[in-house]
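First up is the structure itself, then whatever we jot down about it.
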Amino acid sequence: MQLANNISNPLDLSVVIPVFNEEAGIDALIARVTGVCSAVFGDRYEIILVNDGSRDGSWPLICAHAERNPHIVAVNLSRNYGHQMALTAGLNHVRGALAFVLDADLQDPPELLEPMLAKIREGYDVVYGQRTSRQGETAFKRGTASIFYRLLGSMTDTNIPRDTGDFRLMTRRVVEQLNAMPERYRFTRGLVSWVGFKQAAFPYEREARFAGQSHYPLTKMIALAIDAVTSFSVVPLRFASHLGMIFGAAGLLALFWIAAVWLAGGTVQGWASLAALTLIMGSVQLIMLGVFGEYLGRMYMESKHRPLFIVSEVRHNPASTDAAGDADRASNPVARMEQQLRESFRAAG
Ligand code: UDP
Ligand code: MG
């Protein structure tokens, strides 16, 4: 796995934004994020936009922004790897002392940077957004999300806070820990909780999508939920023994009942109940086999040690119009070296 860029850097903040088919919202996104960042950090920030194999015009649009805005780092993945992996790729490119993770659809208001920063200054390493309301989301999504967090909480020792997404502000040392985690099935918000340090919740109202539609249909949400559970808990593996005991006890009771009926001179009628029991037992066994398979399959995939994602291109134009930024870079040997590295990287394609 490609680790975070180790060059020390004068940047204060890296904003990390995964992008998948967000063409319609990118201009507004960059305008809002740039406004907020420059107000707080002046020139000392970057916005890392990770294009996760978008099929619309997102990438050319991001490149056009990167060409004229020196704060934008455009990272193109070789295909669609999914939200969590795009986020991981973005975190791998972080150079700032802080990382601010946002969604591209402006559901997480970038303006909250300042109040979240105040928390960091109080000594927290992670300030995570916790949703107080979710506009534009169905009761079904709200309901399933709530059940999911409660279930997950009951299955793991890691305290994964409820109603959080990936919207958070973190210090560099947390990002470095995340980048050092080689796992492939990444439930980032859980990994952040696992890292520890001092973490604070930041309640906020999640806005409706600025444009386009959610890329999290039910199937992807279920996949993410399974990733979360299998990454953080082995409790499901114990279901087999629990179920075994329950069915064993039920079988014994049935046996006593049958014996009692027989002693009273009768017989228990059989075929229908027997058929139902056989089907139920078969299904329970297959489901448990599936649960085991889920863990086994993940172990198999992890054992291949493939790279988590492939970056096909990074575009960044530190030499564009921004005069203040140029002066800063010219006077700073680390920034100069880094610029040379980046140029050679671009030349190498
Ligand atoms: N996203 C991504 N790759 C994907 C799906 C989504 O990078 O395969 C990005 C998407 O552009 C957005 C973020 O992940 O910035 C969250 O996605 P979305 O808004 O669709 O999810 P929701 O907010 O509905 O949970
Ligand atoms: Mg969204």
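Values quoted throughout were computed directly from the atomic coordinates according to the rules given, and no laboratory measurement underlies them. In this text, all values refer to a predicted model and were calculated from it rather than measured experimentally. Note: ideal-geometry Cβ built from the backbone for every residue, glycine included; neighbour counts use all protein chains shown.
Against the main long axis of the alpha-carbon atoms of the chain, helix 271-303 sits at an angle near 30°.
For every other residue with a beta carbon closer than 14 angstrom to the beta carbon of MET288, add +1 if it is Lys or Arg and -1 if Asp or Glu, then tell me the sum. With Lys, Arg at +1 and Asp, Glu at -1, the neighbours total 0. Computed over the Cα atoms of the range 9-83, the ratio of the radius of gyration to the Kirkwood radius (Rg/Rh) comes to 0.97. Over the range 212-298, the hull volume per residue, using the convex hull of the C-alpha atoms, is 119 Å³. Quarter the surface of the alpha carbon convex hull of the range 129-283 and you get the mean projected area, 13.9 square nanometres.
Scaling against 2.2 N^0.38 Å puts the C-alpha radius of gyration of the range 25-67 at 1.24.
Rounded to the nearest 20, the Cβ-based charge dipole of the range 146-287 about its Cα centre (Lys and Arg +1, Asp and Glu -1) stands at 360 debye. Per-residue extension of 0.36 nm, minus the Cα-Cα distance of PHE256 and LEU243, leaves a gain of 2.7 nm for this segment. Annotation: the residues GLU114, GLU67, sorted from fewest to most other C-beta atoms within 10 Å of their own C-beta, follow the order GLU114, GLU67.
A viscosity of 0.692 mPa s and a temperature of 37 °C, combined with the Kirkwood radius over Cα pairs in Stokes-Einstein, give a translational diffusion coefficient for the range 120-209 of 232 µm²/s. Normalised Debye scattering of the range 102-156 at q = 0.32 Å⁻¹ gives log10 I(q)/I(0) of -1.19, counting only Cα atoms as equal scatterers and leaving out solvent. If r is the Cβ-Cβ distance from LEU151 to GLU302 and R0 is 25 Å, what FRET efficiency results, to the nearest 0.05? The value I calculate is 0.60. Among ALA276, ALA64, ALA145, determine the one that fluctuates most according to a GNM of the chain built with springs between C-alpha atoms less than 10 Å apart. Answer for the Gaussian network model of the chain: ALA276. Counting every C-alpha pair in the range 55-173, the share spaced more than 20 angstrom apart comes to 57%. Put simply, the C-alpha atoms of the range 1-127 give a gyration tensor, and the ellipsoid matching it has half-axes of 22, 16, 14 Å, longest first. Out of LEU13, LEU112, LEU29, any idea which swings most in a Gaussian network model of the chain, alpha carbons joined below 10 Å? Judging by the Gaussian network model, the answer is LEU112. In terms of surrounding Cβ atoms within a 10 Å radius of their Cβ, THR132, THR34 rank from fewest to most as THR132, THR34. This model, with +1 at the C-beta of Lys and Arg and -1 at the C-beta of Asp and Glu, gives the chain a dipole about its Cα centre of some 840 debye. Toward the positive end of the charge dipole of the chain, with +1 on the Cβ of Lys and Arg and -1 on the Cβ of Asp and Glu, the farthest Cα among PRO70, PHE100, GLY165 is that of GLY165.
The range 179-222: percent of C-alpha pairs farther apart than 13 Å? Roughly 74 percent, once rounded to a whole number. Listed by Cβ neighbour count within 10 Å, with the fewest neighbours leading, ASP52, ASP105, ASP157 appear as ASP157, ASP105, ASP52.
Helix content alone sets the calculated 222 nm mean residue ellipticity of the chain: runs of n ≥ 4 DSSP H residues at -39500 (n - 2.57) each, divided across all residues, give -17000 deg cm²/dmol. Remark: C-alpha extents of the chain on the principal axes read 100, 41, 38 Å, sorted largest to smallest.
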